[in-house]
1. Counting pairs of alpha carbon atoms under 8 Å apart in space and at least six apart in sequence, what relative contact order in percent does region 191-317 give?
2. Between the alpha-carbon centers of region 187-214 and region 98-143, tell me the distance in whole angstrom.
3. Can you give the convex hull volume per residue for the Cα atoms of region 253-401, as a whole number of Å³?
4. Can you classify region 200-269 as rounded, prolate or oblate using the Cα gyration tensor, where a ≥ b ≥ c are the square roots of its eigenvalues, rounded means a/c under 1.5, and otherwise it's prolate if a/b beats b/c and oblate if not?
5. Using +1 at the Cβ of each Lys and Arg and -1 at the Cβ of each Asp and Glu in region 234-365, identify which of SER325, GLY256, LEU266 lies farthest towards the dipole's positive end.
6. Dividing the Cα radius of gyration by the Kirkwood radius, what Rg/Rh value follows for the chain?
7. Which entries in the list LYS94/LYS114; LYS99/LYS234; LYS146/LYS185; LYS355/LYS403; LYS426/LYS463 go over 30 Å, if you measure between the two C-alpha atoms of each?
8. Convex hull over the Cα atoms of region 372-466, averaged projected area in nm²?
Amino acid sequence: MNRSKTRRQFIRQLGGASLLLSAGNIPTTAAEKTHQEEHLLEVTRHSGPADTVRIAGIGMGIMGYNDVNTALQVPGVKLVAACDLYTGRLERAKERYGKDLFTTRDYRQILDRKDIDAVIIATSDNWHARIATEALAKGKAVYCEKPMVHRIEEGLPLIATHKSSGRPMQIGSQRVSSVAYAKAKELYKAGEIGQLNCIEATWNRQNALGAWEYTQPADASPETVDWQRYIKGKPAEPWDPKKFFWWRNYRAFGTGMAGDLFVHLLSGIHFITGSNGPDKVVSSGQLCYWKDGRDVPDVMTALMSYPDTPAHPAFQVVLQCNFVSGLGETGSLRFIGSEGVLEMTDNGFTIHHHKMSEAPGIGGWDALETYPKAMQDQLMKQYNTRWSAAQREATSKPPTVYKLPDNYNEDLDHHTHFFDAVRTGKPIVEDPIFGFRAAAPCLLANQSYFDGNPIRWDPAAMKIVS
(Lines give C-alpha, C1' and ligand atoms only; values in the text may rest on other atoms or scores of the structure.)
Protein backbone atom coordinates (compact mmCIF):
# COMPACT_ATOMS: atom_id res chain seq x y z
CA MET A 1 0.00 0.00 0.00
CA ASN A 2 1.29 3.45 -0.91
CA ARG A 3 1.96 5.39 2.26
CA SER A 4 2.80 8.57 0.37
CA LYS A 5 -0.66 8.50 -1.21
CA THR A 6 -2.21 8.19 2.24
CA ARG A 7 -0.23 11.22 3.36
CA ARG A 8 -1.43 13.22 0.34
CA GLN A 9 -5.00 12.27 1.10
CA PHE A 10 -4.40 13.39 4.69
CA ILE A 11 -3.77 16.96 3.57
CA ARG A 12 -7.29 17.28 2.15
CA GLN A 13 -9.68 19.06 4.48
CA LEU A 14 -12.73 16.89 5.14
CA GLY A 15 -13.64 18.56 8.39
CA GLY A 16 -16.27 16.85 10.49
CA ALA A 17 -19.05 17.00 7.98
CA SER A 18 -21.31 14.02 7.54
CA LEU A 19 -20.44 12.08 4.41
CA LEU A 20 -22.70 9.30 3.19
CA LEU A 21 -22.16 7.34 0.00
CA SER A 22 -24.42 4.40 -0.71
CA ALA A 23 -22.87 1.07 -1.65
CA GLY A 24 -23.91 -0.22 -5.03
CA ASN A 25 -22.81 -0.93 -8.55
CA ILE A 26 -20.82 1.77 -10.26
CA PRO A 27 -22.11 2.26 -13.81
CA THR A 28 -19.86 0.49 -16.28
CA THR A 29 -19.99 -0.45 -19.91
CA ALA A 30 -21.30 -3.88 -20.88
CA ALA A 31 -17.77 -4.98 -21.72
CA GLU A 32 -16.45 -3.91 -18.33
CA LYS A 33 -19.23 -5.77 -16.52
CA THR A 34 -18.03 -9.02 -18.02
CA HIS A 35 -14.68 -8.48 -16.32
CA GLN A 36 -15.53 -7.28 -12.85
CA GLU A 37 -18.23 -6.01 -10.55
CA GLU A 38 -17.50 -2.72 -8.82
CA HIS A 39 -18.94 -1.29 -5.63
CA LEU A 40 -18.42 2.05 -3.92
CA LEU A 41 -17.76 1.65 -0.21
CA GLU A 42 -20.12 3.39 2.18
CA VAL A 43 -18.71 6.11 4.41
CA THR A 44 -20.72 7.67 7.20
CA ARG A 45 -19.15 10.28 9.42
CA HIS A 46 -21.40 12.03 11.91
CA SER A 47 -20.26 14.86 14.11
CA GLY A 48 -20.56 13.87 17.75
CA PRO A 49 -20.89 16.15 20.77
CA ALA A 50 -19.23 19.52 20.28
CA ASP A 51 -17.58 19.58 23.73
CA THR A 52 -14.09 21.00 23.40
CA VAL A 53 -11.28 18.50 23.85
CA ARG A 54 -7.98 20.22 24.64
CA ILE A 55 -4.95 18.34 23.36
CA ALA A 56 -1.17 18.50 23.40
CA GLY A 57 1.32 17.00 20.99
CA ILE A 58 4.31 15.24 22.55
CA GLY A 59 6.88 14.70 19.81
CA MET A 60 6.38 17.12 16.92
CA GLY A 61 8.27 15.31 14.18
CA ILE A 62 6.71 13.95 10.99
CA MET A 63 3.99 11.86 12.60
CA GLY A 64 3.49 14.33 15.41
CA TYR A 65 2.58 17.08 12.96
CA ASN A 66 0.47 14.76 10.86
CA ASP A 67 -1.43 13.51 13.90
CA VAL A 68 -2.01 17.00 15.30
CA ASN A 69 -3.17 18.32 11.92
CA THR A 70 -5.60 15.42 11.56
CA ALA A 71 -6.88 15.79 15.13
CA LEU A 72 -7.63 19.47 14.50
CA GLN A 73 -9.95 18.49 11.64
CA VAL A 74 -12.24 16.83 14.20
CA PRO A 75 -14.81 19.38 15.42
CA GLY A 76 -14.23 20.67 18.93
CA VAL A 77 -10.55 19.70 19.21
CA LYS A 78 -8.19 22.45 20.32
CA LEU A 79 -4.38 22.33 20.50
CA VAL A 80 -3.09 24.07 23.63
CA ALA A 81 0.47 22.75 24.00
CA ALA A 82 3.34 21.08 22.18
CA CYS A 83 6.48 19.31 23.36
CA ASP A 84 9.64 18.40 21.48
CA LEU A 85 13.30 18.04 22.36
CA TYR A 86 14.42 20.12 19.37
CA THR A 87 13.79 23.88 19.75
CA GLY A 88 13.30 24.36 16.01
CA ARG A 89 10.18 22.21 16.07
CA LEU A 90 8.77 24.24 18.95
CA GLU A 91 9.40 27.42 16.96
CA ARG A 92 7.63 25.86 14.00
CA ALA A 93 4.69 24.86 16.21
CA LYS A 94 4.21 28.49 17.23
CA GLU A 95 4.47 29.59 13.60
CA ARG A 96 1.84 27.09 12.56
CA TYR A 97 -0.58 27.06 15.49
CA GLY A 98 -0.17 30.49 17.05
CA LYS A 99 2.37 32.41 19.11
CA ASP A 100 0.36 31.82 22.30
CA LEU A 101 0.79 28.04 22.08
CA PHE A 102 2.49 26.66 25.19
CA THR A 103 5.72 24.85 24.23
CA THR A 104 8.22 22.90 26.27
CA ARG A 105 11.05 20.38 26.02
CA ASP A 106 9.81 18.60 29.17
CA TYR A 107 6.69 16.49 28.59
CA ARG A 108 6.01 16.39 32.34
CA GLN A 109 5.01 20.06 32.22
CA ILE A 110 2.25 19.07 29.81
CA LEU A 111 1.06 16.15 31.94
CA ASP A 112 0.85 18.45 34.99
CA ARG A 113 -1.49 20.89 33.25
CA LYS A 114 -5.14 20.59 34.28
CA ASP A 115 -6.40 22.17 31.06
CA ILE A 116 -5.20 19.30 28.84
CA ASP A 117 -7.62 16.42 28.27
CA ALA A 118 -5.63 14.25 25.87
CA VAL A 119 -2.10 13.86 24.54
CA ILE A 120 -0.80 12.60 21.21
CA ILE A 121 2.46 10.70 21.72
CA ALA A 122 4.59 10.63 18.57
CA THR A 123 8.09 10.41 19.99
CA SER A 124 10.82 7.89 19.22
CA ASP A 125 9.62 4.37 20.03
CA ASN A 126 11.64 4.05 23.23
CA TRP A 127 9.58 6.78 24.91
CA HIS A 128 6.09 5.51 23.97
CA ALA A 129 5.38 3.29 26.98
CA ARG A 130 7.03 5.57 29.51
CA ILE A 131 5.12 8.71 28.53
CA ALA A 132 1.83 6.82 27.99
CA THR A 133 2.07 5.28 31.46
CA GLU A 134 2.65 8.65 33.12
CA ALA A 135 -0.05 10.34 31.05
CA LEU A 136 -2.68 7.75 32.01
CA ALA A 137 -1.67 8.06 35.65
CA LYS A 138 -2.25 11.82 35.36
CA GLY A 139 -5.75 11.24 34.00
CA LYS A 140 -5.02 12.08 30.37
CA ALA A 141 -6.54 10.26 27.42
CA VAL A 142 -3.77 8.94 25.19
CA TYR A 143 -3.36 8.60 21.43
CA CYS A 144 -0.03 6.77 21.00
CA GLU A 145 1.75 6.12 17.74
CA LYS A 146 2.66 2.56 16.84
CA PRO A 147 4.40 0.43 17.89
CA MET A 148 2.80 0.77 21.31
CA VAL A 149 5.96 -0.37 23.07
CA HIS A 150 9.68 -0.53 22.37
CA ARG A 151 10.29 -3.72 24.37
CA ILE A 152 8.07 -6.77 24.96
CA GLU A 153 8.30 -6.41 28.73
CA GLU A 154 6.63 -2.98 28.55
CA GLY A 155 3.37 -4.35 27.14
CA LEU A 156 1.52 -5.98 30.02
CA PRO A 157 2.37 -3.25 32.57
CA LEU A 158 1.07 -0.57 30.19
CA ILE A 159 -2.12 -2.56 29.59
CA ALA A 160 -2.59 -2.80 33.37
CA THR A 161 -2.03 0.93 33.80
CA HIS A 162 -4.55 1.68 31.08
CA LYS A 163 -7.15 -0.58 32.66
CA SER A 164 -6.75 0.94 36.11
CA SER A 165 -6.76 4.51 34.81
CA GLY A 166 -10.20 4.28 33.19
CA ARG A 167 -9.01 6.69 30.47
CA PRO A 168 -9.22 6.04 26.71
CA MET A 169 -6.03 4.98 24.93
CA GLN A 170 -5.80 4.36 21.19
CA ILE A 171 -2.84 3.17 19.14
CA GLY A 172 -2.10 4.88 15.83
CA SER A 173 -2.42 2.25 13.11
CA GLN A 174 -5.10 4.07 11.15
CA ARG A 175 -6.14 1.28 8.78
CA VAL A 176 -8.01 -0.34 11.68
CA SER A 177 -10.55 2.49 11.30
CA SER A 178 -10.77 2.31 7.52
CA VAL A 179 -14.17 1.50 6.03
CA ALA A 180 -12.32 -0.61 3.45
CA TYR A 181 -10.99 -2.87 6.19
CA ALA A 182 -14.39 -3.00 7.86
CA LYS A 183 -16.04 -4.17 4.62
CA ALA A 184 -13.19 -6.58 3.88
CA LYS A 185 -13.64 -8.09 7.35
CA GLU A 186 -17.38 -8.50 6.76
CA LEU A 187 -16.83 -10.35 3.47
CA TYR A 188 -13.98 -12.45 4.86
CA LYS A 189 -16.21 -13.56 7.75
CA ALA A 190 -18.99 -14.35 5.27
CA GLY A 191 -16.70 -16.87 3.57
CA GLU A 192 -16.03 -15.01 0.33
CA ILE A 193 -12.58 -16.59 -0.07
CA GLY A 194 -13.34 -19.94 1.56
CA GLN A 195 -10.94 -21.18 4.25
CA LEU A 196 -7.97 -18.90 4.85
CA ASN A 197 -4.59 -20.62 4.62
CA CYS A 198 -1.97 -17.93 4.00
CA ILE A 199 -1.45 -14.17 4.05
CA GLU A 200 1.26 -12.47 2.01
CA ALA A 201 2.16 -8.88 2.87
CA THR A 202 4.91 -6.61 1.58
CA TRP A 203 5.96 -2.99 2.02
CA ASN A 204 8.86 -1.91 -0.16
CA ARG A 205 10.69 1.37 -0.76
CA GLN A 206 13.65 2.64 -2.77
CA ASN A 207 14.78 6.10 -1.77
CA ALA A 208 16.62 7.85 1.03
CA LEU A 209 13.52 9.30 2.71
CA GLY A 210 11.80 5.92 2.60
CA ALA A 211 14.88 4.48 4.29
CA TRP A 212 14.49 7.10 7.06
CA GLU A 213 17.34 9.42 6.03
CA TYR A 214 15.27 12.49 6.82
CA THR A 215 16.43 16.08 6.30
CA GLN A 216 18.36 17.32 9.31
CA PRO A 217 18.21 20.97 10.45
CA ALA A 218 21.22 23.23 9.92
CA ASP A 219 21.38 24.20 13.60
CA ALA A 220 21.31 20.68 15.12
CA SER A 221 23.52 20.70 18.22
CA PRO A 222 23.46 19.87 21.94
CA GLU A 223 22.27 23.46 22.46
CA THR A 224 19.17 23.09 20.25
CA VAL A 225 18.43 19.45 21.15
CA ASP A 226 17.95 18.17 24.70
CA TRP A 227 20.18 15.18 24.13
CA GLN A 228 20.47 14.25 27.81
CA ARG A 229 16.72 13.99 28.20
CA TYR A 230 16.53 11.98 24.97
CA ILE A 231 18.94 9.31 26.26
CA LYS A 232 17.64 9.35 29.82
CA GLY A 233 17.57 5.83 31.24
CA LYS A 234 20.26 4.64 28.82
CA PRO A 235 24.05 4.54 29.16
CA ALA A 236 25.66 7.92 28.53
CA GLU A 237 26.86 8.49 25.00
CA PRO A 238 28.04 11.53 23.04
CA TRP A 239 25.72 13.70 20.98
CA ASP A 240 24.87 12.12 17.64
CA PRO A 241 22.42 13.96 15.35
CA LYS A 242 21.73 10.79 13.34
CA LYS A 243 20.51 8.97 16.42
CA PHE A 244 18.14 11.82 17.16
CA PHE A 245 16.79 12.77 13.72
CA TRP A 246 17.17 9.29 12.13
CA TRP A 247 16.17 7.39 15.26
CA ARG A 248 14.29 4.63 13.38
CA ASN A 249 17.67 3.32 12.23
CA TYR A 250 18.87 2.47 15.75
CA ARG A 251 17.71 -0.33 18.04
CA ALA A 252 18.21 1.82 21.14
CA PHE A 253 15.55 4.29 20.00
CA GLY A 254 13.45 2.63 17.29
CA THR A 255 12.25 -0.77 16.13
CA GLY A 256 13.39 -0.81 12.51
CA MET A 257 11.34 -2.10 9.60
CA ALA A 258 9.33 -4.44 11.78
CA GLY A 259 8.18 -1.80 14.25
CA ASP A 260 7.48 0.82 11.60
CA LEU A 261 5.93 -1.21 8.77
CA PHE A 262 5.25 -4.81 9.80
CA VAL A 263 3.05 -3.49 12.60
CA HIS A 264 0.79 -1.67 10.11
CA LEU A 265 0.40 -4.87 8.12
CA LEU A 266 -0.30 -7.00 11.21
CA SER A 267 -2.82 -4.47 12.53
CA GLY A 268 -4.85 -4.87 9.34
CA ILE A 269 -4.42 -8.65 9.37
CA HIS A 270 -5.56 -8.99 12.98
CA PHE A 271 -8.52 -6.67 12.42
CA ILE A 272 -9.84 -8.60 9.44
CA THR A 273 -9.23 -12.10 10.82
CA GLY A 274 -10.06 -11.38 14.48
CA SER A 275 -6.77 -13.00 15.46
CA ASN A 276 -4.85 -12.53 18.71
CA GLY A 277 -1.58 -13.23 16.92
CA PRO A 278 0.90 -15.96 15.97
CA ASP A 279 2.35 -18.66 18.19
CA LYS A 280 5.68 -18.84 16.32
CA VAL A 281 7.84 -16.15 14.69
CA VAL A 282 11.04 -16.53 12.69
CA SER A 283 12.75 -13.90 10.56
CA SER A 284 15.75 -13.29 8.36
CA GLY A 285 17.28 -10.31 6.61
CA GLN A 286 20.35 -8.23 5.94
CA LEU A 287 21.81 -4.75 5.73
CA CYS A 288 22.84 -4.52 2.10
CA TYR A 289 22.56 -0.92 0.89
CA TRP A 290 21.79 1.80 3.45
CA LYS A 291 25.09 1.51 5.32
CA ASP A 292 24.83 4.89 7.04
CA GLY A 293 25.64 3.75 10.57
CA ARG A 294 22.28 2.09 11.23
CA ASP A 295 22.15 -1.16 13.19
CA VAL A 296 18.89 -2.51 11.72
CA PRO A 297 18.36 -4.35 8.40
CA ASP A 298 17.16 -2.79 5.15
CA VAL A 299 15.79 -6.10 3.81
CA MET A 300 13.71 -8.29 6.11
CA THR A 301 11.32 -11.23 5.85
CA ALA A 302 9.31 -12.77 8.69
CA LEU A 303 7.27 -15.95 8.76
CA MET A 304 4.57 -16.17 11.41
CA SER A 305 2.45 -19.23 12.19
CA TYR A 306 -1.08 -18.58 13.42
CA PRO A 307 -2.72 -21.44 15.31
CA ASP A 308 -6.22 -22.79 14.83
CA THR A 309 -8.63 -20.90 17.10
CA PRO A 310 -12.41 -20.40 17.37
CA ALA A 311 -11.91 -17.14 15.46
CA HIS A 312 -10.01 -18.56 12.48
CA PRO A 313 -8.31 -21.65 11.02
CA ALA A 314 -4.55 -22.10 11.21
CA PHE A 315 -2.75 -19.97 8.63
CA GLN A 316 0.69 -18.66 7.74
CA VAL A 317 1.75 -15.02 7.39
CA VAL A 318 4.71 -13.95 5.27
CA LEU A 319 5.84 -10.34 5.81
CA GLN A 320 8.53 -8.64 3.75
CA CYS A 321 10.11 -5.20 3.64
CA ASN A 322 12.79 -4.17 1.16
CA PHE A 323 14.30 -0.68 1.10
CA VAL A 324 16.21 -1.50 -2.11
CA SER A 325 13.16 -2.72 -3.98
CA GLY A 326 14.15 -1.89 -7.55
CA LEU A 327 10.59 -0.64 -8.17
CA GLY A 328 10.21 2.33 -5.85
CA GLU A 329 7.46 2.20 -3.21
CA THR A 330 5.21 -0.81 -3.65
CA GLY A 331 3.15 -2.96 -1.34
CA SER A 332 0.57 -5.68 -1.15
CA LEU A 333 -1.64 -7.46 1.35
CA ARG A 334 -3.30 -10.68 0.15
CA PHE A 335 -5.56 -13.01 2.13
CA ILE A 336 -5.39 -16.35 0.33
CA GLY A 337 -8.23 -18.81 0.80
CA SER A 338 -9.45 -22.07 -0.68
CA GLU A 339 -11.96 -20.28 -2.93
CA GLY A 340 -10.35 -16.94 -3.66
CA VAL A 341 -8.01 -14.13 -2.70
CA LEU A 342 -8.86 -10.87 -0.93
CA GLU A 343 -6.34 -8.23 -1.96
CA MET A 344 -6.19 -4.86 -0.20
CA THR A 345 -5.27 -1.90 -2.40
CA ASP A 346 -4.61 1.84 -1.99
CA ASN A 347 -8.25 2.71 -2.64
CA GLY A 348 -10.16 -0.32 -1.39
CA PHE A 349 -9.82 -4.02 -2.15
CA THR A 350 -10.47 -6.68 -4.75
CA ILE A 351 -11.77 -10.22 -4.29
CA HIS A 352 -10.62 -12.74 -6.87
CA HIS A 353 -12.79 -15.87 -7.05
CA HIS A 354 -11.73 -19.40 -7.97
CA LYS A 355 -13.10 -22.65 -6.61
CA MET A 356 -11.52 -26.03 -7.24
CA SER A 357 -13.60 -28.76 -8.77
CA GLU A 358 -15.14 -31.30 -6.43
CA ALA A 359 -13.70 -34.10 -8.55
CA PRO A 360 -9.96 -34.76 -8.66
CA GLY A 361 -8.20 -34.15 -11.94
CA ILE A 362 -7.40 -36.76 -14.56
CA GLY A 363 -5.40 -36.49 -17.78
CA GLY A 364 -3.26 -33.60 -18.94
CA TRP A 365 -0.11 -33.24 -16.82
CA ASP A 366 -0.84 -36.56 -15.16
CA ALA A 367 0.52 -40.07 -14.81
CA LEU A 368 -2.47 -41.41 -16.78
CA GLU A 369 -0.63 -41.25 -20.12
CA THR A 370 2.16 -43.49 -18.80
CA TYR A 371 -0.19 -46.47 -18.28
CA PRO A 372 -1.27 -49.08 -20.87
CA LYS A 373 -4.10 -47.93 -23.15
CA ALA A 374 -6.56 -50.45 -21.70
CA MET A 375 -5.78 -49.21 -18.18
CA GLN A 376 -6.32 -45.59 -19.33
CA ASP A 377 -9.71 -46.46 -20.78
CA GLN A 378 -10.72 -48.29 -17.60
CA LEU A 379 -9.69 -45.39 -15.36
CA MET A 380 -11.45 -42.82 -17.54
CA LYS A 381 -14.65 -44.87 -17.53
CA GLN A 382 -14.58 -45.18 -13.75
CA TYR A 383 -13.90 -41.42 -13.41
CA ASN A 384 -16.76 -40.39 -15.72
CA THR A 385 -19.16 -42.76 -13.96
CA ARG A 386 -18.31 -41.40 -10.51
CA TRP A 387 -18.12 -37.66 -11.26
CA SER A 388 -20.71 -35.58 -13.09
CA ALA A 389 -19.72 -32.85 -15.53
CA ALA A 390 -20.59 -30.21 -12.93
CA GLN A 391 -18.42 -31.92 -10.30
CA ARG A 392 -15.50 -32.01 -12.71
CA GLU A 393 -15.66 -28.28 -13.40
CA ALA A 394 -13.59 -25.70 -11.51
CA THR A 395 -15.61 -22.52 -11.07
CA SER A 396 -14.41 -18.98 -11.46
CA LYS A 397 -16.03 -15.59 -11.88
CA PRO A 398 -14.84 -12.03 -12.52
CA PRO A 399 -13.24 -10.20 -9.60
CA THR A 400 -15.32 -8.01 -7.31
CA VAL A 401 -13.85 -4.58 -6.65
CA TYR A 402 -14.70 -2.34 -3.69
CA LYS A 403 -13.51 1.26 -3.99
CA LEU A 404 -13.18 4.07 -1.49
CA PRO A 405 -14.73 7.42 -2.46
CA ASP A 406 -12.37 10.14 -3.62
CA ASN A 407 -10.55 11.96 -0.81
CA TYR A 408 -11.52 9.40 1.83
CA ASN A 409 -9.19 9.75 4.83
CA GLU A 410 -8.73 6.78 7.17
CA ASP A 411 -6.49 8.89 9.44
CA LEU A 412 -9.36 11.27 10.09
CA ASP A 413 -11.71 8.37 10.86
CA HIS A 414 -9.14 6.96 13.29
CA HIS A 415 -8.85 10.26 15.16
CA THR A 416 -12.60 10.78 15.08
CA HIS A 417 -13.06 7.41 16.78
CA PHE A 418 -10.54 8.41 19.43
CA PHE A 419 -12.19 11.72 20.26
CA ASP A 420 -15.63 10.09 20.26
CA ALA A 421 -14.27 7.78 22.97
CA VAL A 422 -12.81 10.70 24.91
CA ARG A 423 -16.16 12.51 24.87
CA THR A 424 -18.61 9.63 25.27
CA GLY A 425 -16.71 6.62 26.58
CA LYS A 426 -17.43 4.64 23.41
CA PRO A 427 -15.13 1.64 22.90
CA ILE A 428 -11.74 2.34 21.34
CA VAL A 429 -11.18 0.69 17.96
CA GLU A 430 -7.49 -0.04 18.68
CA ASP A 431 -6.97 -0.28 22.42
CA PRO A 432 -3.68 -1.24 24.14
CA ILE A 433 -4.47 -4.97 24.07
CA PHE A 434 -4.99 -4.86 20.31
CA GLY A 435 -1.98 -2.56 19.96
CA PHE A 436 0.31 -4.86 21.93
CA ARG A 437 -0.86 -7.95 20.08
CA ALA A 438 0.05 -6.21 16.81
CA ALA A 439 3.37 -4.84 18.08
CA ALA A 440 4.67 -7.90 19.93
CA PRO A 441 5.09 -10.23 16.92
CA CYS A 442 6.99 -7.43 15.16
CA LEU A 443 9.32 -7.03 18.12
CA LEU A 444 9.73 -10.81 18.12
CA ALA A 445 10.65 -10.64 14.43
CA ASN A 446 13.46 -8.28 15.38
CA GLN A 447 14.54 -10.56 18.21
CA SER A 448 14.54 -13.58 15.91
CA TYR A 449 16.59 -11.67 13.33
CA PHE A 450 19.26 -10.62 15.81
CA ASP A 451 19.32 -13.90 17.78
CA GLY A 452 19.02 -16.18 14.76
CA ASN A 453 16.33 -18.36 16.36
CA PRO A 454 12.55 -18.87 16.04
CA ILE A 455 10.51 -17.63 18.97
CA ARG A 456 7.40 -19.16 20.52
CA TRP A 457 4.65 -16.77 21.62
CA ASP A 458 1.42 -17.20 23.56
CA PRO A 459 -0.95 -14.81 21.74
CA ALA A 460 -3.71 -15.13 24.35
CA ALA A 461 -1.54 -14.52 27.42
CA MET A 462 0.74 -12.17 25.43
CA LYS A 463 3.94 -13.79 26.71
CA ILE A 464 7.03 -15.43 25.28
CA VAL A 465 6.93 -19.20 25.71
CA SER A 466 10.19 -20.47 27.19
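1. 27 percent
2. Region 187-214 and region 98-143 have Cα centres separated by 32 Å.
3. Numbers: hull volume 30.3 nm³, N = 149.
Each residue corresponds to 203 Å³ of Cα convex hull volume.
4. oblate
5. Working it through, the farthest residue towards the positive pole turns out to be GLY256.
6. 1.04
7. Working: LYS94/LYS114 21 Å; LYS99/LYS234 34 Å; LYS146/LYS185 22 Å; LYS355/LYS403 24 Å; LYS426/LYS463 28 Å.
The pairs that break the limit, which is 30 Å between Cα atoms, are LYS99/LYS234.
8. 16.0 nm²
The values are calculated or read from the model by the stated rules, or taken from the named source; none is laboratory data. These figures come from a predicted structure and were not determined experimentally. Positions of Cβ are backbone-derived with ideal geometry, glycine not excepted, and every protein chain shown enters the neighbour counts. Side chains included, ligands, DNA and RNA excluded: accessible areas come from the protein's heavy atoms. Shrake-Rupley method; radii C 1.70, N 1.55, O 1.52, S 1.80 Å.
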